[in-house]
Structures are given as C-alpha cells and as structure tokens.
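To keep things clear, I will list the structure first and then write my remarks on it.
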Amino acid sequence: MRDTVLDELDKEDYDIIIFAAAPVDYGFAKTSTTKIDSSTELTIRLTPTPKIIADATRKAKTRKPSAVIVGFSAETVKTDQELVERARKKLDKYEVDIIIANNVAKPGIGFASKYNE
C-alpha cells in the first residue's frame, strides 16, 4: 500500500490529503515460503511497519507546500489531557497540518462502534 500511495503522489498535486487510518501497524517478522505443518507449534513475531503518513507527507509537501495533510490518531488513554499530548506528538512527528484524535478506550467509541467524538 505504501508504494501505491507514494506512486499516486507522484502523479498529482493534491490540495488536501486525508489519512483516515493506518492500514497495518505491524507485519510478520518472518514469513514461510512453504506450508507449515499444522501440528507444529508456532510463535509469531510482529514488527512495526513503516508509517505511510510520514513518507507521504514529505512527498506531498515537497510537490505542493500548501497541501493540507490530515491525520487521525486512535488512542487508549485515561484523560483528555493525555489524548491531546499524544495527538500533539503525532502532529509534530508526522508533520501533518491537522490531527483528529479519538480516545478508543471510552465505552461505545472507536473500534466496533459507529460512534466517534
């Protein structure tokens, strides 16, 4: 997906880009090229995947500095203050212009819910 997004940014100069969610936060550290016997016990090790938003923001801003980049941040925190602090860190880290933060630890909000704040 990362390559597809970056290729698309090579084709067009967008005014606004909205990254609604991270497609995959983790990937398999090791994969098998053959079938694994189902009687074998497995331990699966996951590693963080590169953040598409980081590379895409740099590319979009290089092509069109006035482009507005919107990111989202799903967090599991106890307080609104902690939510704001985490969102600000991501705002700076990924160099986005706007970030929408949701506390998915709240009952009825976030994953498996049709409601967000």
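The values are calculated or read from the model by the stated rules, or taken from the named source; none is laboratory data. A quick note: this is a predicted structure, and the numbers were derived from the prediction, not measured. So basically every Cβ, Gly included, is an ideal-geometry build from the backbone, and we count neighbours across all protein chains shown.
A few remarks follow.
- Residue match in region 67-89 (condition: touching a Gly at 6+ places or on another chain (Cβ under 6 Å), farther than 30 Å from Glu12 by Cβ and in contact (Cβ under 8 Å) with a residue 24 or more places away in the chain): no
- Qualifying positions in region 7-50 - among the hydrophobic types (A, V, I, L, M, F, W, C) and under 21 Å from Ile98 (Cβ atoms): Leu9, Ile16, Ile17, Ile18, Phe19, Ala20, Ala21, Ala22
- Residue that is assigned to a loop (DSSP other than H, G, I, E, B), at pLDDT below 95, surrounded by 13 or more Cβ atoms within 10 Å (Cβ to Cβ) and among the charged types (D, E, K, R), where the choices are Lys106, Lys78, Lys114: Lys106
- Ile44 meets each of the listed conditions (1) surrounded by fewer than 11 Cβ atoms within 10 Å (Cβ to Cβ); (2) among the aliphatic types (A, V, I, L, M); (3) part of a helix (DSSP H, G or I) apart from (3).
- Hits in region 1-41 - residues which are among the polar types (S, T, N, Q) and either closer than 20 Å to Leu91 by Cα or assigned to a helix (DSSP H, G or I) (or both): Thr4
- Contacts under 6 angstrom Cβ, first residue in region 11-25 being touching a residue at least 60 places away in the same chain (Cβ under 8 Å), partner part of a loop (DSSP other than H, G, I, E, B), 6 or more apart: none
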